[in-house]
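Here's the structure, in structure tokens; my notes come after.
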Amino acid sequence: MTAPAIRLSGVCKNYGTHRAIDGVDLVVQPGEVACLIGPSGSGKSTLLRCMAFLEEHDDGLIEIAGDPLGFAPGENGRIRLPDREIARVRRSIGMVFQQFNLWPHRTALGNVSEALRFVLRLLRPAAERRAMAYLDRVGLADRAGHYPSQLSGGQQQRVAIARALALEPRIMLFDEPTSSLDPELTGEVLGVMRGLAADGMTMVIVTHEIGFAAHVAQHVVFLEQGRIALEGSASAVFRRPWNPRLARFLETYLDRGASMLIAPEQSDGA
Amino acid sequence: MNLELIRASIPEIIDGLGFTLLMWLPGSALALALGLLVAILRHYGGPALDRGLQALLGVLRGTPFLVQIFLLYYGGPFIGWDFDAPTAGLLGLSVYGAAYFAEIIRGGLAAVPRGHVEAAACVGMTRAQTLRRVLLPEMALLILPSTINMLIVLMKETAVLSIITVPELTAVITGIGSLHFAYAEAAFMLAVCYWGLTEATGLLGRGLERRLQRFRLA
């Protein structure tokens, strides 16, 4: 049996005295699309950032394809792994941010080829060929020479996705990838993500796009106050929101056309 | 006003201008390099080093350049720093400028969005790569206006070097003024020269900013 893509056991994260993540256990299987949902401050972004080691968890163990990320269990508690090992494990992960975080002084092509040249040490022509292929994949080959300031938000986010994909990660993490976009631009980004899911990419997505989560995710995780309040398949979570807190959370989406998702009489047809 | 005197003085003025540029441009380059070094040390060096450097910068920015250059040139020999006037001038200007550039650069580094650095970490760039390929270029864009401003300040501060006998613009022109009792002409020539240099620098800066506009978000 192969190791899960991601396994969290007892993960905790504190900010001062505030416990942002409070003992989370979670398994994401290869090829699975998992969505983290929950109210503001529930810890979903923090949890995702822990999976990318952008936040160092204070307790518990995170394994990426069987390898411990950042900390490994030692004789007296855990030990921090060397930076080189952290970088190696991290290489399996691609991260997409809410704010895109493209480097403004590099073109779209420059943003995507940067790590290919300076981390993977590809020669410039090879790096740019590969970068172009990934820009093409997100439908932006014709914008390769544009600077981020010359691209729309949706285009910037697609370049950011290409930048992460170009390193050929096993897992893609998305932190509210459409939250800074107009509804009109949201569609093009979700379209790219839907394509990735169809290709079998393992993805963990923090999102407020409940409709997207319901249609694309196999695995939905509802967080509240740093704990997993509820998790299961999309249909189990959305169609039968027996948990009153989840029902209340989903009600906030009712006026956004999501009522069909939580109507109990809805049939389970895909 | 004695225009004939002004015309006759042009060759001397050009010599003085040359010395002013010789102090200003290398001095600014050294100041930038030194300021960058200090800012990076403060950024990565930990709290103790940060506080020490901050205190040093406080002294340098809290005393007039005139006093610093006096101390260096006339006080230096007492501790074995026996520099000639141009060397002392260049050194003094570099250190003085570095104190300001360090602060400008520190602010620039702090203003680079954290997410851009996180993105670099996520694609596997090392700290040194992130510094060189993300932080420094983005910082340079952010600090361009204040850097141009500081260059102009340093250019005008070179006038102070006349008091330690560096034969730069101010020394040359006030010399001509005293020799011919033509103080108004001297002051006029000085104003024109410094103003011309300031305008040229500002023009260069604005051109550069326009060219770099597309590298900027929002």
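Can you confirm whether segment A:179-200 contains a residue that is within 30 Å of A:Gly43 (Cβ to Cβ), surrounded by fewer than 19 Cβ atoms within 10 Å (Cβ to Cβ) and within 14 Å of the chain's Cα centre (by Cα)? Checked segment A:179-200: at least one residue is within 30 Å of A:Gly43 (Cβ to Cβ), surrounded by fewer than 19 Cβ atoms within 10 Å (Cβ to Cβ) and within 14 Å of the chain's Cα centre (by Cα). Counted as qualifying within segment B:52-125 are the helices (runs of 4 or more DSSP H) with 2 or more residues that are more than 14 Å from chain A (Cβ to nearest Cβ) and either without any contact (Cβ under 8 Å) to a residue 60 or more places away in the chain or within 30 Å of A:Arg163 (Cβ to Cβ) (or both), namely B:65-70, B:85-111. Of the strands (runs of 3 or more DSSP E) lying entirely inside segment A:77-175, the ones with 2 or more residues being open to solvent by 20 Å² or more (accessible area, probe 1.4 Å) are found at A:78-80. Here B:Arg210 clears all of (1) within 14 Å of chain A (Cβ to nearest Cβ); (2) touching a helix residue (DSSP H, G or I) at 6+ places or on another chain (Cβ under 8 Å) except the condition numbered (2). Taking the stated definitions as given, is A:Ser40 modelled with pLDDT under 95 and assigned to a loop (DSSP other than H, G, I, E, B)? Against the criterion (modelled with pLDDT under 95 and assigned to a loop (DSSP other than H, G, I, E, B)), A:Ser40 qualifies. So for segment B:177-186 (the condition being over 30 Å from A:Ser149 (Cα atoms), in contact (Cβ under 8 Å) with a residue 60 or more places away in the chain, surrounded by fewer than 18 Cβ atoms within 10 Å (Cβ to Cβ) and of a type in the set (A, V, I, L, M)), does at least one residue qualify? Checking segment B:177-186: at least one residue is over 30 Å from A:Ser149 (Cα atoms), in contact (Cβ under 8 Å) with a residue 60 or more places away in the chain, surrounded by fewer than 18 Cβ atoms within 10 Å (Cβ to Cβ) and of a type in the set (A, V, I, L, M).
Residue selection: A:Asp59 satisfies the criterion of being among the acidic types (Asp, Glu), open to solvent by 10 Å² or more (accessible area, probe 1.4 Å) and either away from chain B (no Cβ under 11 Å) or within 25 Å of A:Met193 (Cα to Cα) (or both). For segment A:67-76, taking the residues that are free of Cβ contacts under 8 Å to residues at least 12 places away in the same chain and in a loop (DSSP other than H, G, I, E, B), the one that is nearest to the chain's Cα centre (by Cα) is identified as A:Gly74. Can you name the residue in segment A:201-234 that is acidic (Asp, Glu) and out of contact with any Gly (no Cβ under 9 Å at 6 or more places or on another chain) and is also most open to solvent (accessible area, probe 1.4 Å) among such residues? Only one residue tops the list, namely A:Glu231. For residues in segment B:12-65 being among the hydroxyl-bearing types (Ser, Thr, Tyr) and exposed (fewer than 15 other Cβ atoms within 10 Å of the Cβ), which is nearest to B:Ile152 (Cα to Cα)? Restricting to residues being among the hydroxyl-bearing types (Ser, Thr, Tyr) and exposed (fewer than 15 other Cβ atoms within 10 Å of the Cβ), the top hit is B:Thr63.
The values are calculated or read from the model by the stated rules, or taken from the named source; none is laboratory data. A quick note: this is a predicted structure, and the numbers were derived from the prediction, not measured. Positions of Cβ are backbone-derived with ideal geometry, glycine not excepted, and every protein chain shown enters the neighbour counts. Accessible surface is based on the protein model in full, side chains and every heavy atom, while ligands, DNA and RNA are left aside. Shrake-Rupley method; radii C 1.70, N 1.55, O 1.52, S 1.80 Å.
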